[in-house]
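Enquirer: One structure, as structure tokens, below. Some questions next.
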Amino acid sequence: MPSTLVFQYDKPVNTVEALRRAISNRLVYQVGKDLRSATQRDWLFAVFSAVRDRIMDSWRESLAQAEDQDAKRVYYLSMEYLTGRALTNAILAVDIYEPVKQACALLGADFDALVDLEPDAGLGNGGLGRLAACFLDSMASVGLPGIGYGIRYEYGMFAQRIEHGQQVEEPDYWLVNGYPWEFMRPEFSYTVRFGGRLLPQNGQSEWVDTEDVIATAYDSGVPGHAMRSVVTMRLWSARASGGVNLDAFNRGDYIQAVEAKNLSENVSRVLYPDDRTEHGRELRLRQEYFFVSASLQDILRRHLKTHSGFDQLADKVAIHLNDTHPALAVPELMRLLLYVHHLDWDTAWGMCQRIFSYTNHTLMEEALETWSVELLGRILPRHMGLIYDINARFLAEVHDRFPSDNALLRRISLIEERGVRRVRMAHLSVLASHRVNGVSALHSKLMVETIFSDFARMFPDRFCNKTNGITPRRWLSLANRPLSALIDSRIGPDWRGDLDQLAQLREFADDPEFQNAFRLAKQQNKRRLADLIARSPGVIVDPESLFDVQVKRMHEYKRQLLNVLHVITRYHRILAQPRANWVPRTVIFAGKAASAYYMAKLVIRLINDVARVINNDARIGGQLRVVFIPNYRVSLAEVIIPAANLSEQISTAGTEASGTGNMKLALNGALTIGTWDGANIEIADNVGLDNIFIFGNRAEKVTELRGYGYQPRAIYDGNFDLKYAIDRIAEGAFSPDEPDRYRDIVNSLLESDHYQLLADYADYAACQDKVDELYRRPAAWTRSAILNVAGMGAFSSDRTIREYASEIWGVQALSFT
């Protein structure tokens, strides 16, 4: 190895002149272009590379210190990372935003245009993936040694287009022009095996005749605040273990020649393939195993690099399961320890239960992942056998403790025996983990009272709460520069690393000068959003109107339909009383529905049909506008959220585990209208009940109504406004070319109304009247908005990660000299 005297390099300097030269050098010597030939893409790649250079020293130092200190590391396994754009996030972390912008200007490159040219990384869909991205940011910001593992999806989930009011899914070609932030690491490639059979041999069994896929690593650096450290996000890309079938190719059978290659590489093509078909379900199972197998092999390789065996494995490795998608990591670790490294069962299982921890993200039984025994046994026969063995040993222990409770054995078994036999992945995750957490106080309470009540009785100390959080660097400092600048002018910039400092803003809540500046910042953001809406979807909205925002994944329990019912009621009221003192409103929706989710896609169509009717009705005089903004993603959220006045968090009580959109919106000065659900409760505790609009039944009442026979039609018959709104939908007022278009929505509301929209409708409408009343008093509204911002210190993901590190993972921050 060359000495350090031989191996020398130039460390980057962050002056405008140094950045200008660095960008120029990257353009010429890496991109291969000059001033005459460079395209916008070329300039983007040159800037990307120059900025990436400036995190490398910290990244290498973080990796080196973790190894030199023999630190225990956390390995975060997640199917999603909704990271958003990397460039501006890194520029702010390095603190070179203005110098880079000035360097680009000197070179004749439009910095703002370059920023908008970067696609959002197609690595996630909703709150699960965005939470994982915030957590990596916070791991780096507090200096934790860790790696986030996932899949490098070639086409993301999908890009959403709205055509004739309907969602149309298209491939998300986010990688089509390359991704300059990442490094391919071909030296870290692992064989992942599928199918085959177990061949008895010498009293044991050998897994043979498998289909093999190669997982290759791609690394991206996630820089922390002020470059304290950089965390690695390692994503796996699939490639075939064999190449093109040349015999078939030479025969002219070009499809067969690449068929096996394509089938292997489909594993990392798309996030969440449509699972309505057997092929779709099989592909999703293969994806989940592909990424955990590669990750576990990589984790053990790294451990053995600095340790001679596995005696210290549980003292040096913490593996966290972000929901049940990575649950196959449990039997995979057992496979590796038993059959590759030849540990005995008790030692291997004891290590698993010290290493794994699990976050549950849902209380809905239908959302708890299960796999049919037939499918799992066919694709992963070794793992199905291990799950049987784990289950048999566990049920024997349960029987010894509760010998006469056969019903308990059925409920707690890893295998659901009723109907088609299925493996309960949540049960497997709970059993293998030493700590299991919910993501809000209510969710964690209900988790141990409902879906995991039997496990909680057996392992009461295993369960805990870790309320979700968000990174203030992206969701305030980056997304809302006008408000960030105002906060800096009053309390300084250190709140980015210590969000509790926002509490100092309370002393300015009644200050007229600060209120005016606060409103001005909000109006700047609203004008920016209004300009975006004018471009797409092409609706002119008034920035002076109240911006009423519901942006999130489309799902029935999130109750976008309840919002629509109120919009229709408001529309009818304006028509009935056009001269009343209405608060002008712009109601903004955005969100994707899963491609196979019929009802959610039908609600999207209804929103667009209602918007078309209302926006073209001159009788309401601009008092109401409705907008559905297509292709919701992180970069779009960064424009919408700072502009919001009102945040719609209206899930049925007891269904939203936590939510993080509620936190982002409140952090940016939006007032919440919401149910007593998820993190809404803790937001209310921190900002005060006078500064939030709470409505609807509590979780206990929701359960009671379901238990005693909920009658939605009786509520419909007893409420004129509600009945009129539903009748207008049923009569085709918003779909005159197809009057029965929304029959399924109407029938669902009147016959079952599973998420109890009708039960909460009257209280919701009354609460919306209170919103209008407060908004008519600008000083009072602004005071509440400021107090919302001031109360958000508890919702920093830095706080959440510190709690995970100390109370679940047992991981300490690195020491840097």
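The values are calculated or read from the model by the stated rules, or taken from the named source; none is laboratory data. Small disclaimer: the values here were computed from a predicted structure and weren't measured. Heads up, the Cβs are rebuilt from the backbone with ideal geometry, glycines too, and the neighbour counts pull from every protein chain shown. Quick note on the areas: whole protein, heavy atoms, side chains included, nothing else; ligands and nucleic acids left out. Shrake-Rupley method; radii C 1.70, N 1.55, O 1.52, S 1.80 Å.
Enquirer: Looking at segment 393-409 only, could you name the residues that are under 21 Å from ASP344 (Cβ atoms) and either open to solvent by 60 Å² or more (accessible area, probe 1.4 Å) or outside any helix (DSSP H, G or I) (or both)?
Expert: Across segment 393-409, the qualifying residues are ARG393, GLU397.
Enquirer: Also, quick follow-up: Find the helices (runs of 4 or more DSSP H) located wholly in segment 419-511 whose residues include 2 or more that are at pLDDT 95 or above, touching a Pro at 6+ places or on another chain (Cβ under 8 Å) and under 27 Å from THR703 (Cβ atoms), and list them. Working first, answer last.
Expert: Working: elements: 425-432, 441-449, 453-458, 481-491.
Output list is empty.
Enquirer: Same structure again: Only one of (1) touching a strand residue (DSSP E or B) at 6+ places or on another chain (Cβ under 8 Å); (2) outside any loop (DSSP other than H, G, I, E, B); (3) open to solvent by 10 Å² or more (accessible area, probe 1.4 Å) fails for ARG706. Which number is that?
Expert: It is condition (1) that ARG706 fails.
Enquirer: Could you say which residue among VAL564, VAL549 is closer than 30 Å to ASN89 by Cα and buried (at least 20 other Cβ atoms within 10 Å of the Cβ)? Please lay out each step first, then the result.
Expert: On the way: VAL564 fails: closer than 30 Å to ASN89 by Cα.
Selected residue: VAL549, the only one of VAL564, VAL549 that is closer than 30 Å to ASN89 by Cα and buried (at least 20 other Cβ atoms within 10 Å of the Cβ).
Enquirer: Do we have any residue at all in segment 627-637 that's part of a loop (DSSP other than H, G, I, E, B), open to solvent by less than 10 Å² (accessible area, probe 1.4 Å) and either among the aliphatic types (A, V, I, L, M) or under 20 Å from TYR571 (Cβ atoms) (or both)? Show your work before the answer.
Expert: Just the residues of segment 627-637 that are part of a loop (DSSP other than H, G, I, E, B), to begin with: 629-633.
Then keep just the ones that are open to solvent by less than 10 Å² (accessible area, probe 1.4 Å); that gives 629.
With either among the aliphatic types (A, V, I, L, M) or under 20 Å from TYR571 (Cβ atoms) (or both) added as a condition, the list becomes 629.
Yes, because at least one residue in segment 627-637 is part of a loop (DSSP other than H, G, I, E, B), open to solvent by less than 10 Å² (accessible area, probe 1.4 Å) and either among the aliphatic types (A, V, I, L, M) or under 20 Å from TYR571 (Cβ atoms) (or both).
Enquirer: Quick check on GLY709: is it at pLDDT below 95 and out of contact with any Gly (no Cβ under 6 Å at 6 or more places or on another chain)?
Expert: Values: at pLDDT below 95: yes; out of contact with any Gly (no Cβ under 6 Å at 6 or more places or on another chain): yes.
Judged against the criteria, GLY709 is a match.
Enquirer: Regarding ALA790, is this residue surrounded by fewer than 20 Cβ atoms within 10 Å (Cβ to Cβ) and of a type in the set (A, V, I, L, M)?
Expert: Working: surrounded by fewer than 20 Cβ atoms within 10 Å (Cβ to Cβ): no; of a type in the set (A, V, I, L, M): yes.
When the stated conditions are applied, ALA790 does not pass them.
Enquirer: Right, something else. Considering segment 209-232 alone, what residues qualify as being closer than 11 Å to ILE55 by Cβ and part of a helix (DSSP H, G or I)?
Expert: MET227
Enquirer: Name the single residue that is surrounded by the most Cβ atoms within 10 Å (Cβ to Cβ) among those in segment 573-592 being part of a helix (DSSP H, G or I) and of a type outside the set (Val, Ile, Thr).
Expert: Just the residues of segment 573-592 that are part of a helix (DSSP H, G or I), to begin with: 573-576.
Subset that is of a type outside the set (Val, Ile, Thr): 573, 575-576.
Numbers: ARG573: 16, LEU575: 13, ALA576: 8.
Filtering first and then ranking leaves ARG573.
Enquirer: Among all residue pairs at least 6 apart or on different chains, which show Cβ distances below 7 Å where the first residue, located in segment 372-395, is over 18 Å from PRO200 (Cβ atoms) and the second is open to solvent by 20 Å² or more (accessible area, probe 1.4 Å) and of a type in the set (Asp, Glu)?
Expert: That search, which allows pairs on different chains as well, returns LEU375/GLU282; ILE379/GLU282.
Enquirer: Which of the residues belonging to segment 484-498 are open to solvent by 10 Å² or more (accessible area, probe 1.4 Å) and either aliphatic (A, V, I, L, M) or within 14 Å of LYS664 (Cβ to Cβ) (or both)? Working first, answer last.
Expert: At the first step, the residues of segment 484-498 found to be open to solvent by 10 Å² or more (accessible area, probe 1.4 Å) are 485-486, 488-494, 496-498.
Scanning segment 484-498 gives ALA485, LEU486, ILE491.
Enquirer: Do you know which residues across segment 303-323 are surrounded by 24 or more Cβ atoms within 10 Å (Cβ to Cβ) and among the charged types (D, E, K, R)?
Expert: ASP323
Enquirer: Scan segment 129-176 residue by residue and report those that are among the hydrophobic types (A, V, I, L, M, F, W, C) and buried (at least 24 other Cβ atoms within 10 Å of the Cβ).
Expert: Applying the first criterion (among the hydrophobic types (A, V, I, L, M, F, W, C)) to segment 129-176 yields 131-136, 139-140, 142, 144, 147, 151, 157-159, 162, 168, 174-176.
Once the filter is applied, which keeps residues that are among the hydrophobic types (A, V, I, L, M, F, W, C) and buried (at least 24 other Cβ atoms within 10 Å of the Cβ), segment 129-176 yields LEU131, ALA132, ALA133, CYS134, PHE135, LEU136, MET139, ALA140, LEU144, ILE151, MET157.
Enquirer: A further question on this structure: Being assigned to a loop (DSSP other than H, G, I, E, B), open to solvent by 20 Å² or more (accessible area, probe 1.4 Å) and either in contact (Cβ under 8 Å) with a residue 60 or more places away in the chain or touching a Pro at 6+ places or on another chain (Cβ under 9 Å) (or both) is the filter here, so list the residues in segment 324-343 that pass it.
Expert: Hit for segment 324-343 is HIS325, nothing else.
Enquirer: Continuing with the same structure: Of all residues in segment 26-59, which are of a type in the set (S, T, N, Q), surrounded by 14 or more Cβ atoms within 10 Å (Cβ to Cβ) and more than 30 Å from the chain's Cα centre (by Cα)? Let's see the steps before the verdict.
Expert: Keep residues of segment 26-59 that are of a type in the set (S, T, N, Q), which gives 30, 37, 39-40, 49, 58.
Then drop every residue that is not surrounded by 14 or more Cβ atoms within 10 Å (Cβ to Cβ), which leaves 30, 49, 58.
Within segment 26-59, just GLN30 meets the criteria.
Enquirer: Of everything in segment 266-282, what is crowded, with 19+ Cβ neighbours inside 10 Å and either of a type in the set (A, V, I, L, M) or over 22 Å from the mean Cα position of the chain (by Cα) (or both)? Give them in sequence order.
Expert: Of everything in segment 266-282, those that are crowded, with 19+ Cβ neighbours inside 10 Å and either of a type in the set (A, V, I, L, M) or over 22 Å from the mean Cα position of the chain (by Cα) (or both) turn out to be VAL267, VAL270, LEU271.
Enquirer: Which of the residues that make up segment 593-619 are open to solvent by less than 30 Å² (accessible area, probe 1.4 Å) and either more than 19 Å from GLY538 (Cβ to Cβ) or in a strand (DSSP E or B) (or both)?
Expert: Those that are open to solvent by less than 30 Å² (accessible area, probe 1.4 Å) and either more than 19 Å from GLY538 (Cβ to Cβ) or in a strand (DSSP E or B) (or both): ALA593, ALA600, LEU602, VAL603, LEU606.
Enquirer: Could you please find all residues in segment 677-693 being surrounded by fewer than 19 Cβ atoms within 10 Å (Cβ to Cβ) and within 21 Å of GLU773 (Cβ to Cβ)? Give the derivation first.
Expert: Within segment 677-693, the first condition is being surrounded by fewer than 19 Cβ atoms within 10 Å (Cβ to Cβ), and the residues that meet it are 685, 688-690.
If the condition is that a residue be surrounded by fewer than 19 Cβ atoms within 10 Å (Cβ to Cβ) and within 21 Å of GLU773 (Cβ to Cβ), then GLY688, LEU689, ASP690 are the ones that fit.
Enquirer: Okay, moving on. In segment 51-95, which residues are basic (Lys, Arg) and either touching a strand residue (DSSP E or B) at 6+ places or on another chain (Cβ under 6 Å) or more than 30 Å from ASP311 (Cβ to Cβ) (or both)? Before you say what the answer is, go through the steps one by one.
Expert: Kept after step one, since they are basic (Lys, Arg), are these residues of segment 51-95: 52, 54, 60, 72-73, 85.
Answer for segment 51-95, where residues must be basic (Lys, Arg) and either touching a strand residue (DSSP E or B) at 6+ places or on another chain (Cβ under 6 Å) or more than 30 Å from ASP311 (Cβ to Cβ) (or both): ARG52, ARG54, ARG73, ARG85.
Enquirer: In addition: Could you say whether any residue in segment 180-196 is open to solvent by 70 Å² or more (accessible area, probe 1.4 Å) and either within 17 Å of LEU123 (Cα to Cα) or aliphatic (A, V, I, L, M) (or both)?
Expert: In the first step, residues of segment 180-196 are kept if they are open to solvent by 70 Å² or more (accessible area, probe 1.4 Å); the result is 184, 186-187.
When the remaining residues are screened for being either within 17 Å of LEU123 (Cα to Cα) or aliphatic (A, V, I, L, M) (or both), the result is 184.
Yes.
Enquirer: Can you name every residue in segment 756-779 that is farther than 16 Å from ALA714 by Cα, crowded, with 16+ Cβ neighbours inside 10 Å and of a type outside the set (S, T, N, Q)?
Expert: TYR764, ALA765, CYS767, VAL771, LEU774, TYR775
Enquirer: Next question, about the same structure. Only one of these conditions is not met by ALA367: (1) modelled with pLDDT under 95; (2) more than 29 Å from the chain's Cα centre (by Cα). Which number is it?
Expert: Result: ALA367 fails condition (2) only.
Enquirer: OK, next. Quick check on this structure: which one of LEU117, LEU63, LEU82, LEU107 is touching a Gly at 6+ places or on another chain (Cβ under 6 Å) and open to solvent by 10 Å² or more (accessible area, probe 1.4 Å)?
Expert: LEU82
Enquirer: Return the total of residues in segment 605-651 being within 26 Å of ALA679 (Cα to Cα) and among the charged types (D, E, K, R). Working first, answer last.
Expert: Looking only at segment 605-651, we keep the residues that are within 26 Å of ALA679 (Cα to Cα), and these are 628-629, 631-651.
Still in the running and among the charged types (D, E, K, R): 633, 638, 648.
Qualifying residue count, segment 605-651: 3.
Enquirer: Check whether at least one residue in segment 721-742 is open to solvent by less than 20 Å² (accessible area, probe 1.4 Å), polar (S, T, N, Q) and over 27 Å from the mean Cα position of the chain (by Cα), and report yes or no.
Expert: Yes, segment 721-742 has at least one match.
Enquirer: Looking at (1) of a type in the set (Val, Ile, Thr); (2) open to solvent by 40 Å² or more (accessible area, probe 1.4 Å); (3) closer than 30 Å to PRO578 by Cβ, find the lone condition where ILE650 falls short.
Expert: (2)
Enquirer: Next question, about the same structure. Report every pair of residues separated by at least 6 positions or lying on different chains whose Cβ atoms are under 7 Å apart, first residue within segment 344-369 and farther than 15 Å from TYR804 by Cα, second of a type outside the set (Val, Ile, Thr) and open to solvent by 50 Å² or more (accessible area, probe 1.4 Å).
Expert: Here the result reads GLN353/HIS434, each pair linking segment 344-369 to a residue that is of a type outside the set (Val, Ile, Thr) and open to solvent by 50 Å² or more (accessible area, probe 1.4 Å).
Enquirer: Could you list, in sequence order, all residues of segment 504-523 that are among the aliphatic types (A, V, I, L, M), open to solvent by less than 40 Å² (accessible area, probe 1.4 Å) and more than 18 Å from LYS664 (Cβ to Cβ)?
Expert: Just the residues of segment 504-523 that are among the aliphatic types (A, V, I, L, M), to begin with: 505, 509, 517, 520-521.
Still in the list and also open to solvent by less than 40 Å² (accessible area, probe 1.4 Å): 505, 509, 517, 521.
ALA509, ALA517 - these are the residues of segment 504-523 that are among the aliphatic types (A, V, I, L, M), open to solvent by less than 40 Å² (accessible area, probe 1.4 Å) and more than 18 Å from LYS664 (Cβ to Cβ).
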